[in-house]
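The values are calculated or read from the model by the stated rules, or taken from the named source; none is laboratory data. Everything numeric in this text was worked out from a predicted model, so none of it was measured. Reconstructed Cβ throughout: ideal geometry from the backbone, glycine too, with neighbour counts over all protein chains shown.
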């Protein structure tokens, strides 16, 4: 039976491994995130490409390759921090919800993911996502105001206060709780299923199998949570305060003025990112946990 001394290092492993995995995953998949955010910020009535690959090529040609990575440092730092919080929260809640044999049912796995999503939204995702969205939105203006993560962060806090940085907390928390519940819950179930069908159920999964499990969890997550992500992005745009009264007003305007399919606008780049990120983040996380003493 595990003692408190046994459990405490595992929590730190979750924190460290989650941070490393989240940072690496964010940098590797950022162009998809950039394209998704740009597409979500463009009104349907305005002209412009909706193809994420063409958009990336167009931005690189017109604004330079560096423009594709506008807000990247914010996301790398933010993803490292939020992944650390997510994995620590998920593993901690998972242990509390597990039965006497250490097993976690599908429903409890989703509940653990939900709790982890709320924690990461409040402590990491909302402020970093607000800054990232503002940097991407600002970069496409004729006269950009922000010069990177630190300058942009200071200026946003100066202009809008801490309340402004936490604007969109409700849609972010809804999206993040949904994301984490679906992603962590589905990954946990897929992992258990694959382990039960392997020659040695107690042995760690191979990197390829872990990548596959994470990628499948990413696909499931994208299609179930995309509407929340779209509303979140609109609520964190620079003009949100003038455009929307609250989260429900934002969602209702999108539905009324742009149609229901707009909620899934940006699905392709987000799908590309989350399939890759799901595979990358879970593979690196599992490997780093195994490597840590």
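Just a few scattered comments:
- One residue alone among 169, 135, 150, 97 is at pLDDT below 85 and in contact with a helix residue (DSSP H, G or I) (Cβ under 6 Å, 6 or more places away or on another chain), and that residue is 135.
- Meets criteria (surrounded by fewer than 19 Cβ atoms within 10 Å (Cβ to Cβ) and at pLDDT 90 or above) for residue 260: yes
- Within region 47-68, the only residue that satisfies the criterion of being surrounded by fewer than 16 Cβ atoms within 10 Å (Cβ to Cβ), farther than 16 Å from residue 266 by Cβ and in contact with a helix residue (DSSP H, G or I) (Cβ under 7 Å, 6 or more places away or on another chain) is 60.
- Residue that is surrounded by the fewest Cβ atoms within 10 Å (Cβ to Cβ), among those in region 1-46 that are part of a loop (DSSP other than H, G, I, E, B) and modelled with pLDDT under 65: 1
- All positions within region 119-131 that are in contact (Cβ under 8 Å) with a residue 60 or more places away in the chain and over 13 Å from residue 84 (Cα atoms): 129, 130, 131
- Members of region 47-89 that are over 30 Å from residue 118 (Cα atoms) and part of a loop (DSSP other than H, G, I, E, B): 47, 48, 49, 50, 51, 64
- The criterion of being in a helix (DSSP H, G or I), farther than 24 Å from residue 280 by Cα and in contact (Cβ under 8 Å) with a residue 24 or more places away in the chain does not hold for residue 253.
- Which numbered condition residue 211 misses (of (1) modelled with pLDDT of 90 or more; (2) under 15 Å from the mean Cα position of the chain (by Cα)): (2)
- The lone exception for residue 116 - which of (1) modelled with pLDDT under 90; (2) surrounded by 24 or more Cβ atoms within 10 Å (Cβ to Cβ) it fails: (1)
Residue by residue, here is whether (1) in contact (Cβ under 8 Å) with a residue 60 or more places away in the chain; (2) within 29 Å of residue 141 (Cα to Cα) holds:
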residue: 200; (1), (2): no, no
residue: 206; (1), (2): no, no
residue: 209; (1), (2): no, no
residue: 213; (1), (2): yes, no
residue: 216; (1), (2): yes, no
residue: 230; (1), (2): yes, yes
residue: 236; (1), (2): yes, yes
residue: 244; (1), (2): no, yes
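- Residue that is surrounded by the fewest Cβ atoms within 10 Å (Cβ to Cβ) [pool: residues in region 232-253 that are modelled with pLDDT of 90 or more and within 22 Å of the chain's Cα centre (by Cα)]: 248
- Scanning region 268-292 for residues that are free of Cβ contacts under 8 Å to residues at least 60 places away in the same chain and either over 18 Å from residue 187 (Cβ atoms) or not in a helix (DSSP H, G or I) (or both) turns up just one, 291.
- Conditions (1) within 22 Å of residue 228 (Cβ to Cβ); (2) touching a helix residue (DSSP H, G or I) at 6+ places or on another chain (Cβ under 6 Å); (3) modelled with pLDDT of 85 or more: number failed by residue 76: (1)
- Index of the failed condition, residue 92 passing every other in (1) assigned to a helix (DSSP H, G or I); (2) at pLDDT below 90: (2)
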